[in-house]
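The values are calculated or read from the model by the stated rules, or taken from the named source; none is laboratory data. All values derive from a computational prediction rather than experimental measurement. As a convention, Cβ positions derive from the backbone with ideal geometry for all residues, glycine included, and neighbour counts pool all protein chains shown. To get the accessible areas, we keep the full protein, side chains included, count just its heavy atoms, and leave off ligands, DNA and RNA. Shrake-Rupley method; radii C 1.70, N 1.55, O 1.52, S 1.80 Å.
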There are 4 protein chains.
Amino acid sequence: MIITIQCSDQIGLVADISRILSEHRLNIVSMREHVDKIERMFFMRLDVDGSAAEAELTNRLETVLPIEAVVHVNPSPNKRIVVMVTKEYHCLADILIRNNFGTLGASVVAVIGNHDVLEKICNRFDIPFYLITYDEEKAGSEDKIIELIKSYNPDFVILAKFMRILSSLFVANFKNKIINIHHSFLPAFAGANPYRQAFERGVKLIGATAHFVTDDLDEGPIIAQQIVPVNHSFTAQSMVKSGKEIETAVLAKAMDLVLTDRVFVYKNKTVVFE
Amino acid sequence: MIITIQCSDQIGLVADISRILSEHRLNIVSMREHVDKIERMFFMRLDVDGSAAEAELTNRLETVLPIEAVVHVNPSPNKRIVVMVTKEYHCLADILIRNNFGTLGASVVAVIGNHDVLEKICNRFDIPFYLITYDEEKAGSEDKIIELIKSYNPDFVILAKFMRILSSLFVANFKNKIINIHHSFLPAFAGANPYRQAFERGVKLIGATAHFVTDDLDEGPIIAQQIVPVNHSFTAQSMVKSGKEIETAVLAKAMDLVLTDRVFVYKNKTVVFE
Amino acid sequence: MIITIQCSDQIGLVADISRILSEHRLNIVSMREHVDKIERMFFMRLDVDGSAAEAELTNRLETVLPIEAVVHVNPSPNKRIVVMVTKEYHCLADILIRNNFGTLGASVVAVIGNHDVLEKICNRFDIPFYLITYDEEKAGSEDKIIELIKSYNPDFVILAKFMRILSSLFVANFKNKIINIHHSFLPAFAGANPYRQAFERGVKLIGATAHFVTDDLDEGPIIAQQIVPVNHSFTAQSMVKSGKEIETAVLAKAMDLVLTDRVFVYKNKTVVFE
Amino acid sequence: MIITIQCSDQIGLVADISRILSEHRLNIVSMREHVDKIERMFFMRLDVDGSAAEAELTNRLETVLPIEAVVHVNPSPNKRIVVMVTKEYHCLADILIRNNFGTLGASVVAVIGNHDVLEKICNRFDIPFYLITYDEEKAGSEDKIIELIKSYNPDFVILAKFMRILSSLFVANFKNKIINIHHSFLPAFAGANPYRQAFERGVKLIGATAHFVTDDLDEGPIIAQQIVPVNHSFTAQSMVKSGKEIETAVLAKAMDLVLTDRVFVYKNKTVVFE
């Protein structure tokens, strides 16, 4: 069983939590705990051996925790995700492959594209693809997408190279549930054309950043980042090619972390118990 | 305060430990816990805010732990190390620099060499250097070294490119206290001339391994490993040059981990709470 | 245009080669040259701007090179590969995806499996899959596979987690054309169950090696290697999971290098002009 | 012998250059060549076996190259560097150690500090240390430093954590000769307090950048960059600690590249033949 707890910090939390686990005859195999001393926030992830009624254990834990505590006992084991894409295939294909072979840690329930380029690969994997272009006004398109996503009730919305900026309204509908892959090691090269920017600046490394989406473009809480070395022999185009490899890897990593309940969000940061 | 605990696993350990900390009004800032389910061993490192009488807290913790438990409350904050060297300067110099500026996390109390090449650099830093050659029979030389080391009562003996094989007797005198840097990513290229072996095999990466020394040569518990890429343009000599950089870095990393009480040894493995 | 040359070394080779290119009004955009001084071997890869009749240019270059020189002008731009698999999907799926979107740098013309587990994913991508079990004697199965591969006349045979050992006869049929992904950073953990070996040894990094297949198991010329850090919290099973990511990445890297004519094989080594 | 050439690109350069080398009976062991097709610039580094009169060979090469070509035959084998520091020891100490053991690839001829903190470590290594505070007006202090540096006639000036911004006048005196280590993976976190910025942004990697100094602060041509992973458990202070390791490594790497004549500067970029 996995248990996650996020609340304000106070003395005795670990003692109270572990006493309750002990009373339920649950053995703690692995425990990760972090206190942000500045924000006075407490984060814990437990991997325990044994079995217990989930609802009862949750209630019991809540009795000893601060009122605003967020407790998850065995957080949704069958998570559902909706993927949003534009034209680039690499992240989507990686997700579809893992989904197909049951190693994603979630089920892809739908793919939404604002272009039809990736419809065929979805068909190959028997995953429903919805084309919602931005031909009409943006608000109307977004309303359709929001409605569609809600109909699938996903745990997370993955922006797998979705190249449109989402409105505040959209983001508010899926708070801390939208994960984006950005093609630079943020905050370097925020905004458009990061590889072009990187090429012109002559950097020796490029990267990718997976982050939760907030109102502030490219400013949401970072989940994972990686880089890959480049040199003078790279053109902006070959940087794009190398970048796609790292984008795929970073998004896969971030999804694995989130889907195994290792990521906690607060303010504009994350705690990640790798 | 740092607290480390190593013992056999049983249900309720975390509850008991954290209750005692809570009774002492100690707040757990960071907790790392691991259970080896195969060996049924429990490892914990706690970083707590607050103050308590160390001996009293240790005793109190021992009352709730299995009899063989090893508990350290604020494990020796002023650790002492003896460094053993042969002719290569890179690891020793890195240690002397950190020691000089107070960032090593320990004090270098003596350097022992079986050659005099590195005497001068020790002099520059006002660190006693002892030359003990292996001119006479090995056992005699080792006896002198053991006696000399014991006179300094160090927490750890660092083999910073000491190129002689130590006897079982020597190792037995400093169980789990001798740290060696080996110039390959073990178990690849164990034994002599790993860079020559790597060159001849045409590998695309070379590395270094820091490990505790046991009776079995190059087989002790591994603390840290890193690699660096190489290619066809490397000679065996330039592999040595690159390798020295990584040797220095890996030994520094391993020492930092050990000296901040993040490394637990059991059987032929380590638990490292980075 | 890409030009590759491999021959014994002698003074004036670069002058002669570049003079001929200059006579053909070809501008050298990027040149990589390496001489193995021990073996007295010369390797060159040129990326040139301009156009020339390939056969004529090849002949012209051969007039100034040692008799045994291997010259390729625009080496087969439409390379063909056959993939051999057993049960694990990760490397094959990555190859099929790149093949499907035209970014592999080659065409997958057939997949051969000794189990039928991966037939369906091949069907999804309209790639012919052939099941050749080893139910009968090994030699007979291999004969069938050799015949089948030859019928496709591929440039390379990719062992994408093909878990049977190939005979000398098989290897001799496709000299320097068979690429294998081995699930360890060779020479560490050669042989069977490398992740189990790695777990038991308590290493802090695991890796993967892509290499050409020769008669000596796990001893062929290495093309690419990468590692990924692990720690005490990994089981042998989670090492396998992490290992698969790196296996996929290393094989993809090696194939990209080979398919863009950056890899030269000689003796038991490679020259790789990244 | 090492030969470096930088000039505008034209057809036949390699043929002409290699013909001259061949006439001098020089064998090309390793050749690196790059053409920036956008800027139409040609860069070449040759490692050749054999001997030749340097001045005569240089003249001979210049006869076939464009008028503005910069040719170096065996570029100053005994390079001299002046190091500028403030209070942090890590980069300076690494340089002093390598200098002391003859592995720096240059000689440290003087150290200049605007604080006296690092005087003692220079004394330990018998390297002259000059204290030039900025107590008086900045221009006056800089004039003194310029004069002092010029008296040593160094090949390069290394800013090893020198924490004052240099004026345009200063920079103009040592064009493409000043190398700085910046404590972030530029362009992320340019300006002051990059680790504080990194902490507040919640990034998962921090880095360092070695670059030539130009008039535009933190905007000069980048030589080398590396990163190190961080996570939620890092404070701004522990990021500084980790950052220092990577700063030291990146500056050492950049110096090694520059001092072995592998770095070419043009516009705001570098070509680095690693």
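Things to note:
- Percentage, to the nearest whole number, of Cα pairs in chain C over 30 Å apart: 37
- Cα radius of gyration and Dmax for region D:208-254 (Å): 12.3, 37
- Comparing mean-square fluctuations of D:171, D:83, D:14 from a GNM of chain D with C-alpha springs under 10 Å, the top value falls on D:14.
- Residue of chain A with the Cβ closest to the rotation axis carrying A onto B, and that distance rounded to whole Å: A:18, 3.
- Residue-count net charge about residue A:152 - beta-carbon cut-off 14 Å; Lys, Arg +1, Asp, Glu -1: +3
- Accessible area in square angstrom per residue, region A:80-272, 1.4 angstrom probe: 38
- Minimum 20 Å² accessible area buried by the other protein chains, region B:248-274 residues, probe 1.4 Å, relative to alone: B:256, B:268, B:269, B:270, B:272
- Restricting region C:4-86 to GluC sites (Glu not before Pro) that sit in a DSSP loop and have at most 10 other Cβ atoms within 10 Å of their own Cβ leaves C:68.
- In this assembly of identical copies, the label point of residue B:138 (Cα plus 7 Å along Cα-to-Cβ) is separated from its counterparts by 4.1, 6.4, 7.5 nm, sorted shortest first.
- Two tests apply to each whole DSSP H helix in chain A, Cα reach of 20 Å or more along its axis and mean Kyte-Doolittle hydropathy of at least -1.0, and the ones passing both are A:138-152, A:236-259.
- In the context of the full set of protein chains, residues of region D:2-73 present 42 Å² of accessible surface per residue (probe radius 1.4 Å, heavy atoms only).
- The magnitude of the dipole of region B:80-272, with charges of +1 and -1 set on the Cβ of Lys/Arg and Asp/Glu and taken from the Cα centre, is near 540 debye.
- Mean Cα-pair separation over length for region C:2-73, i.e. relative contact order, pairs under 8 Å, 6 or more apart, %: 47
- Per-residue mean of foreign Cβ neighbours for D:6-15 is 5 (Cβ atoms of other chains, 10 Å radius).
- Placing +1 on the Cβ of every Lys and Arg and -1 on the Cβ of every Asp and Glu, with nothing else charged, gives the protein assembly as shown a dipole about its Cα centre of roughly 0 debye.
- Listed residue pairs exceeding 19 Å between alpha carbons, taken from D:87/D:161; C:150/C:177; D:175/D:253; B:150/B:177; B:175/B:267; D:161/D:241: D:175/D:253
- Per-residue ellipticity at 222 nm from helix content only, as computed over chain A with -39500 (n - 2.57) for each DSSP H run of at least four residues, stands at -10500 deg cm²/dmol.
- 3J(HN,Hα) from dihedral phi, region B:112-124, Karplus parametrisation 6.51/-1.76/1.60, rounded to Hz, x for glycine, proline: 10, x, 9, 9, 9, 4, 9, 5, 5, 5, 5, 4, 4
- Candidates D:84, D:41, D:163, ranked by Gaussian network fluctuation over chain D, Cα under 10 Å, top entry: D:41
- Counting only other chain Cβ atoms within 10 Å of each residue's Cβ, the peptide A:19-28 averages 5.
- Within region B:91-154, GluC sites (Glu not before Pro) in DSSP loop having at most 12 other beta-carbon neighbours inside 10 Å: B:136, B:137
- Loss of accessible area when D meets A, both sides summed, Å² nearest 100, probe 1.4 Å: 2500
- Ascending list, in nanometres, of distances separating the residue A:260 label from those of the other copies (7 Å, Cα toward Cβ): 2.3, 3.2, 3.8
- Distant-in-sequence amide contacts of residue D:219, defined by a placed amide H-H separation under 5 Å and a gap of 5 or more residues or a different chain, comprise D:214.
- Label-point spacing for residue D:103 across the identical copies (point 7 Å from Cα in the Cβ direction), in nm and ascending order: 1.9, 4.0, 4.1.
- Using C-alpha pairs below 8 Å separated by at least 6 residues, the relative contact order for region D:80-272 is 19 percent.
- Among the trypsin sites (Lys or Arg not before Pro) within region B:132-201, those in coil by DSSP and having at most 12 neighbouring Cβ atoms inside 10 Å are B:175.
- DSSP bridge orientation in the protein assembly as shown - percent antiparallel, rounded to nearest 5: 70
- Residue with peak Gaussian network fluctuation, chain A [Cα springs, cutoff 10 Å], from A:29, A:48, A:258: A:29
- Taking the 1.4 Å solvent-accessible surface of chain A as the whole, the part contributed by carbon and sulfur is 49%.
- Note on region B:2-73: Rg/Rh from C-alpha atoms, Kirkwood Rh, equals 0.94.
- Over the protein assembly as shown: Kirkwood hydrodynamic radius from C-alpha pairwise inverse distances, Å: 31.9
- Convex hull volume per residue in cubic angstrom - Cα atoms of region C:27-124: 178
- Prolate is the label for region D:119-274. Its Cα gyration tensor axes, ordered a ≥ b ≥ c, give a/c of at least 1.5 and a/b above b/c.
- For residue A:41, distant residues with modelled amide H under 5 Å away: A:9, A:36
- Peptide A:30-41 shows a mean partner chain C-beta count of 5 within 10 Å per residue C-beta.
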